[in-house]
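Below: the structure, in structure tokens.
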Amino acid sequence: LMIPSELVLMDDVPDAAEPHAQCVFTTRLPPRWRVSDAPLSLPTRLTRHGLSEVINHLLGTETAQPFDFVVSGALLRGTLAKAMERHGLTGEQAVVIEYVELLAPPTLSCDSNHPDWVSSVASARTRAMVSGEPAAAFGVSSLVLSGCYDGTGRVWGSNGELLCTMQGHAAGVKAVSWLGAASALTASKDRTLRVWSFGSSSSGEPAAKCEQICVGHTDSVEAASANPTADRFCSGGWDGQLLIWRTPAMPSTDSDGERPAKKRARTPLVPEVQCLSKMQAHSDCISGLCWSTAALLYSASWDGTVREWDVAAESSTAAVTSQRAVLCVDVSLASASIATGHSDHSVRIWDVRQRGLSARLSLAHKSWVSGVAWAPHQPLLLLSASHDGAVRLWDTRSSIPLHDLPAHAPKALCVTWDGDDRIVSGGADGVVHFSSFAQKSEHAAQSSS
């Protein structure tokens, strides 16, 4: 079957002698977006744009729909001929090409300003998605935590409005994490962590109350993460120690952040608590933590290693090693992959099932990589933030970024997903960017339904 030349030839005069290949299209999109699996003879100089024209012609669409294409497990970047050469496809057999939704770039929807560097961000919706809790339990469609070098944590609403501030640390906040529907965690350079509950003040405004102060680190606390049920959390920092903590019982819904004078006078000081266990986990700073399952957590360190820990046994069960400091880490259970950011300007992807082997993919920035975050809804999508100011969205089937998001000057320090339709990043400019995806295209909406 031949495709009309006007669809596949860029030149005014067709060149009958140009190389062709037999191609078979396949897709996992809904039935109305599927074409015949009969082989087609296509010029091998076609790129994604030309192949999209072919698919739209076969579908007979009134409005052209853009698609992306996967050959031998990798996104097509460049011509079909280059992809065939890269993957050792000789053309003796039909080339199988999968077409998928083309993800449109997100657009900046709002900003939230801070008086100092923004070190960390965390999303309530993403926490709900990865822990299996209903997002409605958080009371609003979207809540975002931020940690700032001014020593405070902040809670932001769905439109980037400041809801409340968590004050109490004596130095900059380096990490934040949600603990549940109305509680959160901040970790600081002052060597402590604080657990907060959220309620309403006497005037009805949102307010934060510190429930406990966690003491035990001997240097700055750089990372913190809660387990999926949020009844435990862990912390690490410049002392190289990995500490495990119990989450306190939170007050009932009638608690508030601003109590009447008589009641406040009888309230004791915020209790200081010790950790449940302590491990000398690394020989240098612990820069990232991810407690992905009840039994296993992962720690990243400037000593160049990422370690997997059996929490109950308090022992390391596996490790991956690089020659450069590891500055951040995130784990995707869906793709069985670890993403790490490094001081050599690289993002590395590791297969957790192939322990001790080299990274299977390396993605490039121009400076230190300070943040990585897997998408909670799509195992192939990954975010990265770098000291070069860039925030990038990757599909791990390609070493070329899908999109560059609004940058931070001079450094991007953190990034996270806010559910499946928004990205949040922070940087040394003291700004949190909220970038949103457009409404899903028709074929994408049907595919996810």
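The values are calculated or read from the model by the stated rules, or taken from the named source; none is laboratory data. All figures in this text were calculated on a predicted structure; none of them were measured in a lab. Neighbour counts are summed over all protein chains in view; Cβ atoms, including those assigned to glycine, are modelled from backbone coordinates with ideal geometry. With ligands, DNA and RNA removed, areas are computed over all heavy atoms of the protein, side chains included. Shrake-Rupley method; radii C 1.70, N 1.55, O 1.52, S 1.80 Å.
Any residue at all in the stretch 133-146 that's out of contact with any Gly (no Cβ under 8 Å at 6 or more places or on another chain), open to solvent by less than 40 Å² (accessible area, probe 1.4 Å) and either more than 23 Å from residue 330 (Cβ to Cβ) or free of Cβ contacts under 8 Å to residues at least 60 places away in the same chain (or both)? Yes, the conditions are met somewhere in the stretch 133-146. Where strands (runs of 3 or more DSSP E) fall wholly inside the stretch 13-120, the ranges with 3 or more residues that are touching a strand residue (DSSP E or B) at 6+ places or on another chain (Cβ under 8 Å) and farther than 30 Å from residue 165 by Cβ are 20-26, 40-43, 67-71, 95-101. Pairing each residue of the stretch 34-58 that is free of Cβ contacts under 8 Å to residues at least 12 places away in the same chain with any residue that is part of a loop (DSSP other than H, G, I, E, B), provided the two are 6+ apart or on different chains, yields C-beta distances under 6 Å for 34/27; 56/64. Condition test on residue 403, is it in contact (Cβ under 8 Å) with a residue 60 or more places away in the chain, in contact with a strand residue (DSSP E or B) (Cβ under 8 Å, 6 or more places away or on another chain) and either crowded, with 22+ Cβ neighbours inside 10 Å or more than 26 Å from residue 282 (Cβ to Cβ) (or both)? Yes, satisfied. Here residue 404 meets the list (1) over 14 Å from the mean Cα position of the chain (by Cα); (2) assigned to a loop (DSSP other than H, G, I, E, B); (3) more than 21 Å from residue 146 (Cα to Cα) almost entirely, failing just condition (2).
Which of the residues that make up the stretch 307-342 are out of contact with any Ser or Thr (no Cβ under 9 Å at 6 or more places or on another chain) and under 18 Å from residue 285 (Cβ atoms)? If the condition is that a residue be out of contact with any Ser or Thr (no Cβ under 9 Å at 6 or more places or on another chain) and under 18 Å from residue 285 (Cβ atoms), then 323 is the only one that fits.
Residue-level check: of (1) part of a strand (DSSP E or B); (2) open to solvent by 30 Å² or more (accessible area, probe 1.4 Å); (3) at pLDDT 95 or above, residue 184 misses just (2).
For the stretch 289-307, the tally of residues that are modelled with pLDDT of 95 or more and in contact with a Leu (Cβ under 8 Å, 6 or more places away or on another chain) stands at 8.
Among the residues of this structure, residue 342 does not count as one that is at pLDDT 95 or above, farther than 23 Å from residue 407 by Cα and surrounded by 14 or more Cβ atoms within 10 Å (Cβ to Cβ).
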